[in-house]
């Protein structure tokens, strides 16, 4: 190849291999990295349901409050505050 030395090819291949390695590492550690980068998450998507090809219903937690969000293509999102999440039911263990 005219104008391209073997050392240049080796450097480019090594750089690309390093990039692929970093991408694999980030994908495997996505949850841990996210927790470290955003330690005090106030907004969390609890569940998303597709109602139609371009309509989504999403349950979002903002602090202690829950909000239901309806989003559709070409329309503004509609939000319905649901209030705080109910406490999980306590299961009492008893001998039968």
Does residue 5 satisfy the criteria of being modelled with pLDDT under 85, surrounded by fewer than 10 Cβ atoms within 10 Å (Cβ to Cβ) and out of contact with any helix residue (DSSP H, G or I) (no Cβ under 8 Å at 6 or more places or on another chain)? no
Can you tell me which residue among 38, 66, 56 is surrounded by 10 or more Cβ atoms within 10 Å (Cβ to Cβ) and at pLDDT below 85? 38
May I ask you to list the residues in segment 70-85 that are part of a loop (DSSP other than H, G, I, E, B) and modelled with pLDDT of 85 or more? 73, 74
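The values are calculated or read from the model by the stated rules, or taken from the named source; none is laboratory data. Not measured: the values here are computed from a predicted model. Neighbour counts are summed over all protein chains in view; Cβ atoms, including those assigned to glycine, are modelled from backbone coordinates with ideal geometry.
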